[in-house]
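The values are calculated or read from the model by the stated rules, or taken from the named source; none is laboratory data. Please read all numbers here as calculations on a predicted model, not as lab measurements. Virtual Cβ from ideal backbone geometry, glycine too; neighbours counted across all protein chains shown.
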Amino acid sequence: MGIGLTARRIRRLVFVGVIAFSLLQTSYCVDAQQVPDAPEPHISSTSSPQSFFARWTSFYEKDWKGRTASGPAPARRGLPSPLNSPPFPNADWSYGGSPTLGEADGNVYPLQTAINGATGRTKIYGWIEPTANVSTSRNRNYPETNDIYSNRIELGQAVVYVERLPNSVQRDHVDWGFHLTGFFGTDYRSTTNRGYFSSQLLDHHRQYGFDPVLEYADVYFPHVAKGMNVRLGRFISIPGIEAQLTPNNYIFSHSLLYAIDPFTDTGVLATIQANDQWVVQVGVSGSHDVALWTEDAKPSFMGCVSYTTKSVKDNIYLCANGINDGKYAFNNLQMYDGTWYHKFGGTWHMATEMYAMYQREVPSVNGPILPEKGTNGANCRVGMKTCLAPEWALVNYLNKQLSPHDFISFRNDFLNDKKGQRTGYATKYSEATFMLSHWIGSTVQIRPEIRFDHAWDRKAYDEGTRANQFTLASDIIVHF
């Protein structure tokens, strides 16, 4: 399938979706008086005679020139935000599987503003992310992710969200939300679940693919502790600093730690705000990266606790993720993860993550049992048909805000894939990356980077032909 043909189809689908959604918004619009946290619209749909496309382009013109309307900060309860977003991906120390409890949805998007002036709570938005890299490897940069193809210009992500966030600032009534995603690009490799259109990757190894990455419903219960959100559906695996959706990351390329850990889970998760400093999460999934209707699905425990100091300078987030009998299946990783965020002064902060993972009874690469499609065997001792396959990793980000539109990030990363079950090569890896992020208004982000990777025990880059890899890369994220 050619890229041009795919792009035309995407534009048609987006256009049809916009028209349908516009009609929905007209008939189902929540009165602004009922939404205390609704932001002031940039463009009023009733006061402007402009066409839909004129309103859309006008948003960008005003945004890039710094003339967008700004109202009072959205209401929130609890601790203040430690960071500025932009330029950083998030304003708060993040936890997965839930909107940040006590934080209002103050986001305003170009497309939604053009549709109805951003007066409702249901929103349609997204981004397009072209990418480019120059590498010393000839064919593959893997396990560098997401730019696994060497020396390419690609479409990393074209993403459309339809979303309604529950109002978790108020504590008067039960509220609800939902999220639907259409995701296309080379990065579908980092979201694919067995059973969700997975033949694109597992059977056909396509460079480009589509995945409905996130489909879930949220219900917010205000009277449980200081608020509880229950999420049901498919969502991003809850621990960690990085995520599959590129605007949520500090750096364009991903850490080695991220490249091999779980991507998404399907299940139910309760996130409880015990008080301003403590958040507790507990839930059940069908194991990692598999649909509930596949034979690899099995009930798995998820549990996390997040603690933030009163100064908001530190946050610790500990998770046990996907815990079951640990027997080998498609990405049935037993994951124990810890994240620590720390802020130095007004403009510096760091983020550190470490995990240990394993699977039991993984087929030996020299044995008679074939691994499942999309997985690797383990380098077991001679004579063993199966064995335990563990791995551990550590990553640190050091980040400095330079201006309201710019920050720099330096990442150090180490991975020990002891049996080679995750990357295909039993070796230790390290990488170091330096990146500059620049925003044009609040809708375009550019992230050039320079990166060096090394495999310590054997050649593991460029399909096992190189021990070292040097890359120059960048992406551009255009929000709509």
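Across the range 112-119, not a single residue is classified as buried (at least 19 other Cβ atoms within 10 Å of the Cβ), under 21 Å from the mean Cα position of the chain (by Cα) and without any contact (Cβ under 8 Å) to a residue 40 or more places away in the chain.
Taken as a whole, the structure leaves residue 306 outside the set of residues that are buried (at least 16 other Cβ atoms within 10 Å of the Cβ) and in contact with a Lys or Arg (Cβ under 8 Å, 6 or more places away or on another chain). Checking each residue in the range 237-262 for being more than 23 Å from residue 316 (Cβ to Cβ) and at pLDDT 95 or above picks out 245, 246, 247, 252, 253, 259, 260. Only a single criterion out of (1) in contact (Cβ under 8 Å) with a residue 60 or more places away in the chain; (2) assigned to a strand (DSSP E or B) is not satisfied by residue 356, namely (1).
Pick out the one residue from 444, 365 that is at pLDDT 95 or above and touching a helix residue (DSSP H, G or I) at 6+ places or on another chain (Cβ under 9 Å). Just one listed residue meets the conditions, 444.
Okay, residues lined up against (1) surrounded by fewer than 23 Cβ atoms within 10 Å (Cβ to Cβ); (2) in contact with a Pro (Cβ under 9 Å, 6 or more places away or on another chain):
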residue: 151; (1), (2): yes, no
residue: 161; (1), (2): yes, no
residue: 168; (1), (2): no, yes
residue: 193; (1), (2): no, no
residue: 200; (1), (2): yes, no
residue: 237; (1), (2): no, yes
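The requirement of being within 24 Å of the chain's Cα centre (by Cα) and either within 21 Å of residue 237 (Cα to Cα) or of a type in the set (A, V, I, L, M, F, W, C) (or both) is not satisfied by residue 370.
Between residues in the range 206-231 that are farther than 18 Å from residue 100 by Cβ and in contact (Cβ under 8 Å) with a residue 60 or more places away in the chain and residues that are of a type in the set (Phe, Trp, Tyr) and surrounded by fewer than 24 Cβ atoms within 10 Å (Cβ to Cβ), which pairs lie under 9 Å by C-beta distance while being six or more apart or on different chains? These pairs meet every condition: 208/184.
Of the residues in the range 385-395, at least one is assigned to a strand (DSSP E or B), under 24 Å from residue 194 (Cα atoms), within 23 Å of the chain's Cα centre (by Cα) and charged (D, E, K, R). For residue 154, the conditions (1) charged (D, E, K, R); (2) free of Cβ contacts under 8 Å to residues at least 60 places away in the same chain; (3) outside any strand (DSSP E or B) all hold with the exception of (3).
Please go through the range 301-340 and pick out each residue that is in contact (Cβ under 8 Å) with a residue 40 or more places away in the chain and not in a strand (DSSP E or B). Within the range 301-340, 310, 312, 313, 328, 329, 330, 331, 332, 333 qualify. Of all the listed residues (256, 269, 245), the sole one being in contact with an Asp or Glu (Cβ under 8 Å, 6 or more places away or on another chain) and either farther than 18 Å from residue 353 by Cα or among the hydrophobic types (A, V, I, L, M, F, W, C) (or both) is 256. Of all the listed residues (108, 134), the sole one being surrounded by fewer than 20 Cβ atoms within 10 Å (Cβ to Cβ) and either part of a loop (DSSP other than H, G, I, E, B) or out of contact with any helix residue (DSSP H, G or I) (no Cβ under 7 Å at 6 or more places or on another chain) (or both) is 134.
Considering only residues of the range 383-430 that are touching a residue at least 40 places away in the same chain (Cβ under 8 Å) and either aromatic (Phe, Trp, Tyr) or in contact with a Leu (Cβ under 6 Å, 6 or more places away or on another chain) (or both), which is surrounded by the fewest Cβ atoms within 10 Å (Cβ to Cβ)? In this case the residue turns out to be 414. In the set (1) out of contact with any Asp or Glu (no Cβ under 8 Å at 6 or more places or on another chain); (2) within 22 Å of residue 397 (Cα to Cα); (3) free of Cβ contacts under 8 Å to residues at least 40 places away in the same chain; (4) buried (at least 20 other Cβ atoms within 10 Å of the Cβ), the condition left unmet by residue 92 is number (1).
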